[in-house]
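Engineer: My structure is below; once you've seen it, I'll send some questions.
The values are calculated or read from the model by the stated rules, or taken from the named source; none is laboratory data. Everything numeric in this text was worked out from a predicted model, so none of it was measured. Every residue, glycine as well, gets a Cβ built from its backbone with ideal geometry; the counts of neighbours run over all protein chains shown. Accessible surface is based on the protein model in full, side chains and every heavy atom, while ligands, DNA and RNA are left aside. Shrake-Rupley method; radii C 1.70, N 1.55, O 1.52, S 1.80 Å.
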There are 2 protein chains.
Amino acid sequence: MLEKSHKHVTCATCSARKNSLFGTYGESEVMDLNHEKMCNYYKKNQPLFIEGSFPRGVFCLNQGKVKVFTRGDEGKEQIIHIAKAGDVIGFRSMFSGEPYKVSASTLEESNICFIGKDDFLVMMDNNPILRNGIIKELSKELGDRAQFITNMAQKSVRERLAFSLLILADIYGEEEINLTREDMANFVGTATETLIRLLKDFKEDEIIEIHTRKLLIVNRDKLLRIAGR
Amino acid sequence: MLEKSHKHVTCATCSARKNSLFGTYGESEVMDLNHEKMCNYYKKNQPLFIEGSFPRGVFCLNQGKVKVFTRGDEGKEQIIHIAKAGDVIGFRSMFSGEPYKVSASTLEESNICFIGKDDFLVMMDNNPILRNGIIKELSKELGDRAQFITNMAQKSVRERLAFSLLILADIYGEEEINLTREDMANFVGTATETLIRLLKDFKEDEIIEIHTRKLLIVNRDKLLRIAGR
DNA sequence: GTTAAAACATGACCAATATCAGTTTTAACT
DNA sequence: AGTTAAAACTGATATTGGTCATGTTTTAAC
């Protein structure tokens, strides 16, 4: 269970900060950042922002996981990205001037800080390192999404699942992968039933272990082979 | 036929510049830009850069069209984007520090200018408007690609074709859409044969006119309805 | 602890679309 | 202009993966 008060989260001691956009911050910058941010506890399945609305700031994950997704015509979610501790999300549409093209909500209970739009933009103006970090981040994601598109267009569901599991393993690190079958299907881009059947196959092939909701990869090499490059 | 010499292309008179990243440039900035750029004539199907290599600068399209694509495991192209006059391409991986994740080559004969990496980065450092324009551009594309992914995952080929034709109509403007069936299929994300059959359907439904290679949209509303939101 | 609601799982079926194997048309090159 | 290669097109067939229907297990709420 997470600490429900936000009072204990300070940027100076935030372990997620090290590998975040603010990882290079010096002492005084961290103090400023800490002063500007507001931290909140979110329970599972709480929205951070919703497609179509306008951004008021950015979110910085101290702890927890967040799915970033769009909804297709029939309301089905397509998960574009899963953010973990240290990730900063929601800045894209702040720059493009458009409303959010994606929604975001927590996948588990999380501590998430919020930095107001104006504060964030001022920080960006004054800090070339932050600015370049953001440009780099945007560029990197753009490249990832080109591959995502190609995978969707050309790989089979089985291949995409293998690919997705490898990505999820990175995101979950030491922890077991913990997603509902529906969320996983919406990440892979398939029907829930198909996903379940394929997971069963992978389990029988001793590629993964399934512990009810949680999932462990036991043969990464096989997954790599199935996923293709 | 295009003018084959690059000598006649200068940034000051470049009509494509107005709605490019350099659209807001003042007189002296345009002179600098003109001094730094090198213009070249490309014939059809000439590569600008290739996936896996490292960027040496950016390309600015004076005239022509360029496809930006990745190759899947079996070498099949997936077209991610089609650039037109005024578009600047190839800057993504310059910022991310990674090799190109995509390739680019001309779809028709084109005049394309090149600006070296160092020159471009200096320009960015000195020009907040250019910088913000780039950040905006990266952000906008990131949003577009989220939708692209969702379309791939959830729309039928027929719906995606309708969607793609609307995008192509924007890119080609007054001109007729002029792509090989294979390129169009690689943009929609389907087999060439399937694309051909669907084009035939659309033609019979009087949604498009086909003039051998070239293609004209005659009922935009129907396309909108098929494409979904 | 009980109960209701999600989430998970499985089977049967079928539609969409890929693949393969051609033929015809168009464009490019000498 | 004639030749050749590439592109466009067509038909037959195979198959992936989505949908629907239904049952079971797990989780969450009271």
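Engineer: Subtracting the Cα-Cα distance from 0.36 nm times the residue separation, let me have the gained length for B:D221 to B:M38 in nm, one decimal.
Structural biologist: The B:D221-B:M38 span can extend by a further 61.6 nm.
Engineer: Same structure, new question: For peptide B:183-193, how many partner chain Cβ atoms fall within 10 Å of a residue's Cβ, on average?
Structural biologist: Per residue, the average neighbour count from other chains is 1.
Engineer: Then there is this: Taking the Cα centre of the protein assembly as shown as the origin, how large is its charge dipole in debye, to the nearest 20, when only Lys and Arg (+1) and Asp and Glu (-1) carry charge on their Cβ atoms?
Structural biologist: Result for the protein assembly as shown is approximately 540 debye, rounded to the nearest 20.
Engineer: Right, here's the next one. Could you give, in nm with one decimal, how far B:K117 is from each other copy of that position, shortest first, with labels 7 Å out from Cα toward Cβ?
Structural biologist: 3.6
Engineer: Here is a further query. Report the per residue volume, in Å³, of the convex hull enclosing the C-alpha atoms of the protein assembly as shown.
Structural biologist: So the per-residue hull volume is 150 Å³.
Engineer: Whole-Hz Karplus ³J(HN,Hα) for region B:166-175, in order, using 6.51 cos²θ - 1.76 cosθ + 1.60 and θ = phi - 60°, x for Gly and Pro?
Structural biologist: For region B:166-175, the Karplus-derived couplings read 5, 5, 4, 4, 5, 5, 7, x, 6, 5 Hz, x marking Gly and Pro.
Engineer: Provide an ascending nm list, one decimal, of label-point separations from B:E209 to the equivalent residue in each further copy; define each label point as 7 Å from Cα along Cα→Cβ.
Structural biologist: 6.7
Engineer: Give the long-range amide H neighbours of A:I208: residues separated by 5 or more places, or on another chain, with amide H under 5 Å away, using H modelled in the peptide plane at 1.01 Å from N.
Structural biologist: A:K203, A:V218
Engineer: Next question, about the same structure. For region B:155-227, please report how many Lys pairs fall under 17 Å Cα to Cα, leaving out neighbours fewer than 8 apart on the same chain.
Structural biologist: Qualifying lysine pairs in region B:155-227: 5.
Engineer: While we're looking at this one, here's another question. Roughly how many debye, to the nearest 20, is the charge dipole of chain B about its Cα centre, given +1 on each Lys and Arg Cβ, -1 on each Asp and Glu Cβ, and no other charges?
Structural biologist: I would put it at about 300 debye.
Engineer: Report, please, the projected area of region A:17-151 averaged over directions, based on the convex hull of its C-alpha atoms, in nm².
Structural biologist: Average of the hull's projected areas for region A:17-151 equals 8.3 nm².
Engineer: Now for a different question. In whole angstrom, how far apart do the alpha carbon centroids of region A:118-164 and region B:9-54 sit?
Structural biologist: 26 Å
Engineer: Now for a different question. What is the average number of partner chain Cβ atoms found within 10 Å of a Cβ in B:76-83?
Structural biologist: 3
Engineer: Another question, if that's okay. How far apart are the A:E98 label points across copies, placing each 7 Å from Cα toward Cβ, in nm, shortest first?
Structural biologist: Here the equivalent label points are 2.1 nm apart from this one.
Engineer: Looking at region A:1-153 only, what percent of DSSP beta bridges run antiparallel? Nearest 5 please.
Structural biologist: Percentage antiparallel, nearest 5: 100.
Engineer: List the relative contact order of chain B as a percent without decimals, with contacts defined as Cα pairs under 8 Å and 6+ residues apart.
Structural biologist: 19 percent
Engineer: Then there is this: Give a residue-ordered list of calculated ³J(HN,Hα) values for region B:198-209 (Karplus: 6.51 cos²θ - 1.76 cosθ + 1.60, θ = phi - 60°; whole Hz; x for Gly, Pro).
Structural biologist: Result, ordered by residue: 5, 4, 4, 4, 4, 5, 5, 7, 6, 8, 9, 10 Hz.
Engineer: Any idea which of B:V102, B:F91, B:L223 is furthest toward the positive side of the dipole for chain B, if Lys and Arg beta-carbons carry +1 and Asp and Glu beta-carbons -1?
Structural biologist: Going by the charge dipole, the pick is B:L223.
Engineer: Looking at B:S53, B:F69, B:M31, which one has the Cα that reaches farthest to the positive end of the dipole of region B:6-151 (charges on Cβ: Lys, Arg +1; Asp, Glu -1)?
Structural biologist: B:F69
Engineer: Now a separate question. Which far-off residues, 5 or more places away or on another chain, put their amide H under 5 Å from the one on A:K101, with H placed in the peptide plane?
Structural biologist: A:G52
Engineer: Across the residues of A:132-140, average count of Cβ atoms on other protein chains within 10 Å?
Structural biologist: Averaged over the peptide's residues, the number is 6.
Engineer: Of the GluC sites (Glu not before Pro) in region B:160-229, which ones lie in a loop per DSSP and count no more than 11 other C-beta atoms within 10 Å?
Structural biologist: Listed in order of number, the matching sites are B:E174, B:E206.
Engineer: Moving to a separate point now. Lys/Arg Cβ at +1, Asp/Glu Cβ at -1, dipole of the protein assembly as shown taken about the Cα centre: which of A:C113, A:N126, B:Q78 is farthest positive-ward?
Structural biologist: B:Q78
Engineer: How big is the charge dipole of region A:156-227 about its Cα centre, in debye rounded to the nearest 20, if each Lys and Arg gets +1 on its Cβ and each Asp and Glu gets -1 on its Cβ?
Structural biologist: So the magnitude is around 200 debye.
Engineer: Right, here's the next one. If you take the beta carbon distance between B:S53 and A:I167 as r and set R0 to 25 Å, what does 1/(1 + (r/R0)^6) give as a FRET efficiency, to the nearest 0.05?
Structural biologist: It comes out at approximately 0.50.
Engineer: Taking 0.36 nm per residue of separation and subtracting the Cα-Cα distance, what length does fully extending B:D201 through B:K18 add?
Structural biologist: 62.0 nm
Engineer: Still on this structure, I have one more. List every residue whose amide H lies under 5 Å from the amide H of A:L21, counting only residues 5 or more places away in sequence or on a different chain, with H placed 1.01 Å from N in the peptide plane.
Structural biologist: A:V88
Engineer: For region B:155-227, what class follows from the C-alpha gyration tensor (a ≥ b ≥ c being the square roots of its eigenvalues): rounded when a/c is under 1.5, otherwise prolate if a/b is larger than b/c, else oblate?
Structural biologist: Cα axes put region B:155-227 in the rounded bin.
Engineer: Still on this structure: In terms of the ratio Rg/(2.2 N^0.38 Å) built on C-alpha atoms, what value belongs to chain B?
Structural biologist: 1.06
Engineer: Would you tell me the accessible area of B:H81, worked out with a 1.4 angstrom probe on the heavy atoms of the protein chains, in Å² to the nearest 10?
Structural biologist: Here the residue's solvent-accessible area equals roughly 60 Å².
Engineer: Under the Karplus relation 6.51 cos²θ - 1.76 cosθ + 1.60, θ = phi - 60°, what is the ordered set of whole-Hz ³J(HN,Hα) values for region B:107-120, x standing for Gly and Pro?
Structural biologist: Going residue by residue, I get 9, 7, 5, 9, 10, 9, 9, 10, 10, x, 3, 4, 4, 5 Hz, with x marking Gly and Pro.
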